[in-house]
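The values are calculated or read from the model by the stated rules, or taken from the named source; none is laboratory data. Values in this document were obtained by computation on a predicted structure and should not be read as measured data. Every residue, glycine as well, gets a Cβ built from its backbone with ideal geometry; the counts of neighbours run over all protein chains shown.
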Amino acid sequence: MLIYLDDFIFHLQSVGGISVYWKSVISEMSKSKAIDFKVLTNKINPCSVKEISSKQLSEYRYPFFLSRILLKKLQPKSIFHSSYLRISLQKNIANVVTIHDLAAEMGHVKGIRAAVKKWLQKIAIKRADGIICVSEETKKNLLIYYPDAFSKKICVIHHGCSDTLFPLEGIQKVNNKIIFVGRRSHYKNFQICIDIIEKLPQYNLVVISNEKFYKTEWKTYKSKFGNRIQHFENISTDELNYHYNTAHCLIYPSKYEGFGLPVLEAMKTGCPVVCSDIPCLREIAEDGAIFIRDYENPDAFVNEILSLNHLQKRTEMIKKGIKRARKFSWANHLISMTQFYSIVHHSKFGESASNY
């Protein structure tokens, strides 16, 4: 059985949760000699995943703005799994789609981009033969907003976490450094981070995000906090690992998540996590994080951040976080994914899949 992936997400974002997910999928699949797969790549902007060989690339020449709707003819009875809400119109192809969140449907994001995403997601779900949800919470919300999806093959497969993130030996912790990782807009509730460092004048905030600050916004923050607030973008995995390892904690006050990858990353490196008490983060972190039920209240975060100054509490949270993070790997993710491909293939074509 041949599996087609694509590199569409890399044209939409250079970094971000979904691109990290997809690069990890392709990289892990490239390690297996038992999986027959190709990556559809636009020759104008070819796939940049280093691990993939030229034999595993299938090029096309459509301009980017046409490549969402135009797809080259694929081998019959193969699987097509898009990186971001594309589908094949071939009747003899099984489409698999990954649903990362229902933020647009739930009203957590608004505007034209949210409307377009909701429209694309609706089409992809309708055409899909198999649906992968990144968490049980995402699956629950999927079935609320798209009840027709009950008739589809649905599988929950959690993200893995990169082996390039790990505790560093002999590293010096910066006791007054708290970090925030990821996008800041909409439901991410970033203002709480600003309120926290305002209430904790002895602490600094490091923001690791490829979402730029508005000039006026950044000017206001620098005027108010000076060097107590720093922003890093487009950093390497090694640099990200360093920031996790040297931080007092990660704060993650999000109002909604489809998965919440930074929480998992922080736990894996031994960085304590203080995050909002929402279903998805409970599902991912379990007892490996400190949860804030009143996540609109900065004082609630402040109290728990200060509690990590107690060695016993800090050591306990680090151990629990590392233990929980060990359950997430891209190798296990690939096993679950290929098993699901086989189920979808058999359901669509009524025959056993081979080449696994």
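Run down Lys319, Lys313 and say which single residue is surrounded by fewer than 18 Cβ atoms within 10 Å (Cβ to Cβ), in contact with a Ser or Thr (Cβ under 7 Å, 6 or more places away or on another chain) and in the same structural domain as Val181 (by TED's automatic domain parsing).
Exactly one residue qualifies, and that residue is Lys313.
If we scan segment 201-210, do we find a residue that is more than 22 Å from Val263 (Cα to Cα), polar (S, T, N, Q) and crowded, with 20+ Cβ neighbours inside 10 Å? Spell out the reasoning first.
In the first step, residues of segment 201-210 are kept if they are more than 22 Å from Val263 (Cα to Cα); the result is 201-202.
Imposing the further condition that a residue be polar (S, T, N, Q) reduces the set to 202.
Narrowing further to those that are crowded, with 20+ Cβ neighbours inside 10 Å: none.
The answer is no; no qualifying residue exists.
How many of the residues in segment 133-159 are aromatic (Phe, Trp, Tyr) and surrounded by 19 or more Cβ atoms within 10 Å (Cβ to Cβ)?
To start, the set of residues in segment 133-159 that are aromatic (Phe, Trp, Tyr) comprises 145-146, 150.
Right, trim to surrounded by 19 or more Cβ atoms within 10 Å (Cβ to Cβ) and you get none.
Going through segment 133-159 one residue at a time, the tally reaches 0.
Only one of (1) in contact with a helix residue (DSSP H, G or I) (Cβ under 7 Å, 6 or more places away or on another chain); (2) free of Cβ contacts under 8 Å to residues at least 12 places away in the same chain is not met by Gly260, so which one is it?
(2)
Sort out which residues of segment 272-288 are crowded, with 23+ Cβ neighbours inside 10 Å and under 18 Å from the mean Cα position of the chain (by Cα), and write them in order of number.
Across segment 272-288, the qualifying residues are Val273, Cys275, Ser276, Cys280, Leu281, Ile284, Ala285.
Can you go through Ser162, Ser185 and tell me which one is surrounded by 15 or more Cβ atoms within 10 Å (Cβ to Cβ) and polar (S, T, N, Q)?
From the options Ser162, Ser185, the qualifying one is Ser162.
Are any residues in segment 72-89 surrounded by 12 or more Cβ atoms within 10 Å (Cβ to Cβ) and either farther than 26 Å from Leu334 by Cβ or at pLDDT below 75 (or both), and if so, which ones?
none
Does Gln121 fit the bill of being closer than 30 Å to Ile284 by Cβ and either out of contact with any Gly (no Cβ under 8 Å at 6 or more places or on another chain) or at pLDDT 95 or above (or both)?
Details: closer than 30 Å to Ile284 by Cβ: yes; either out of contact with any Gly (no Cβ under 8 Å at 6 or more places or on another chain) or at pLDDT 95 or above (or both): yes.
When the stated conditions are applied, Gln121 passes them.
Quick one: which residue in Ala104, Ala94 is free of Cβ contacts under 8 Å to residues at least 60 places away in the same chain and not assigned by TED's automatic domain parsing to the domain that holds Lys255?
Going through Ala104, Ala94 in turn, just one is free of Cβ contacts under 8 Å to residues at least 60 places away in the same chain and not assigned by TED's automatic domain parsing to the domain that holds Lys255: Ala104.
Could you please tell me which pairs satisfy a Cβ distance under 6 Å, a separation of 6+ or placement on different chains, a first residue in segment 214-232 that is touching a residue at least 24 places away in the same chain (Cβ under 8 Å), and a second residue that is in a helix (DSSP H, G or I) and of a type outside the set (Gly, Ala, Ser)?
Final answer for the pair search is Ile229/Tyr221.
Could we say that Asp148 is over 30 Å from Ser185 (Cβ atoms) and in contact with a strand residue (DSSP E or B) (Cβ under 8 Å, 6 or more places away or on another chain) here?
In short, no.
Could you please find all residues in segment 168-196 being among the small types (Gly, Ala, Ser) and under 17 Å from Ile208 (Cβ atoms)?
Gly182, Ser185
Are any of the residues in segment 231-240 at pLDDT 95 or above, closer than 22 Å to Asn309 by Cα and not acidic (Asp, Glu)? Quick ask: steps written out before the conclusion?
First, pick out the residues of segment 231-240 that are at pLDDT 95 or above: 231-232, 238-240.
Still in the running and closer than 22 Å to Asn309 by Cα: none.
Taking every residue of segment 231-240 in turn, none turns out to be at pLDDT 95 or above, closer than 22 Å to Asn309 by Cα and not acidic (Asp, Glu).
Is it the case, given these coordinates, that Val344 is touching a residue at least 12 places away in the same chain (Cβ under 8 Å) and more than 26 Å from the chain's Cα centre (by Cα)?
So Val344 does not fit the description; no.
Right, Glu257: charged (D, E, K, R), surrounded by 23 or more Cβ atoms within 10 Å (Cβ to Cβ), under 30 Å from Ala34 (Cα atoms) and out of contact with any His (no Cβ under 6 Å at 6 or more places or on another chain) or not?
No, not satisfied.
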